[in-house]
1. Which net charge results when you count Lys and Arg as +1 and Asp and Glu as -1 among the other residues whose beta-carbon is under 14 Å from that of residue 149?
2. May I ask you to evaluate 6.51 cos²θ - 1.76 cosθ + 1.60, the Karplus curve with θ = phi - 60°, for each residue of region 59-66 and list the ³J(HN,Hα) values in order in whole Hz, giving x for glycine and proline?
3. Restricted to Cα positions, what overall size does the chain have along the principal axes? Three whole-Å values, descending.
4. Could you list which residues have their amide H under 5 Å from that of residue 66, counting only those 5 or more apart in sequence or on another chain, with H placed in the peptide plane?
5. Could you work out the helix-only [θ] at 222 nm for the chain, with each DSSP H run of four or more residues adding -39,500 (n - 2.57) and the total divided by the number of residues, to the nearest 500 deg cm²/dmol?
6. Filter the GluC sites (Glu not before Pro) in region 1-102 to those in DSSP coil with at most 10 other Cβ atoms within 10 Å of their Cβ, and list the result.
7. Take the Cα atoms of region 90-150, build their convex hull, and give its volume per residue in Å³.
8. Which helices, counted as full DSSP H runs in the chain, have an axial Cα extent of no less than 15 Å and a Kyte-Doolittle average of -0.5 or above?
Amino acid sequence: MPFLLRQEERPEVVSLVPSWPKDRHWRAMSDPDHQYILFQDAEERVVGYVVLGGLTNGDGCLELVRMVAAPPGFGTGTAMARAVLAHAFGPLGAHRVGLSLFSDNACARRLFANVGFVLEGKLRDAVRGPRGYRSLTLMGMLRRDYQSGF
Ligand SMILES: CC(C)(COP(=O)(O)OP(=O)(O)OC[C@H]1O[C@@H](n2cnc3c(N)ncnc32)[C@H](O)[C@@H]1OP(=O)(O)O)[C@@H](O)C(=O)NCCC(=O)NCCS
């Protein structure tokens, strides 16, 4: 938990991932609908995490709720996304993995496109932040996209 909260306080993360207070994380962690996945490097240092949602909805449509790499810029995000897709379409048997990201998050958008997510749309002015409304970009990957190697 301290690792998660520390990451979500980083200024560059705050502007890209709406920060959750501790009790929101606790609720999600104890909710079977969510899965928290921590990633470690070869020295067993935690280098990032992913939160998956939708595990209990019964239709196999999962959501990549949040992903943070610490530090960013070393390929960790790409590696985490690939590992999460293998987990989702493998042991979890997902039909679909979807996500939304702030439309100005160029790094995440490139990363998700690189690993095969398809651009599905845009929710204009969907979130009100301290500097006004921001739009969300929707991306998704279906099992058949994943299996075809996109
Ligand atoms: C998004 C995030 C997880 C990516 O992790 P990362 O380890 O930095 O990603 P990678 O090093 O694997 O790089 C991903 C791609 O983005 C590119 N990239 C990096 N900065 C970029 C920028 N400012 N604009 C466009 N592309 C950028 C990289 O070049 C790489 O693409 P390439 O492989 O084609 O060269 C990480 O930056 C992060 O934690 N950001 C804050 C939280 C966040 O935005 N989460 C995603 C929304 S849920």
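1. On the way: positive: 82, 143, 144; negative: 145.
After counting each charged neighbour, the total is +2.
2. Computed from phi, the couplings for region 59-66 are 10, x, 9, 9, 10, 7, 6, 7 Hz.
3. Here the Cα extents, ordered largest to smallest, are 40, 40, 31 Å.
4. Residues meeting the amide H criterion: 51.
5. Numbers: 6 runs with 48 residues, N = 150.
The helix contribution divided over the chain gives -8500 deg cm²/dmol.
6. Details: sites: 8, 9, 12, 43, 44, 63; in loops: 43, 44.
Loop-located and lightly packed - 43, 44.
7. On the way: hull volume 5.5 nm³, N = 61.
For region 90-150, the hull spanned by Cα atoms encloses 90 Å³ per residue.
8. Values: long enough: 76-89 (20 Å, 0.87).
The answer, listed by residue number, is 76-89.
Only the coordinates and a few stated rules stand behind these numbers; no lab work does. Quantities reported herein were computed from a predicted structural model and do not represent experimental measurements. Here Cβ is always computed from backbone atoms with ideal geometry, including for glycine, and neighbour counts include all displayed protein chains.
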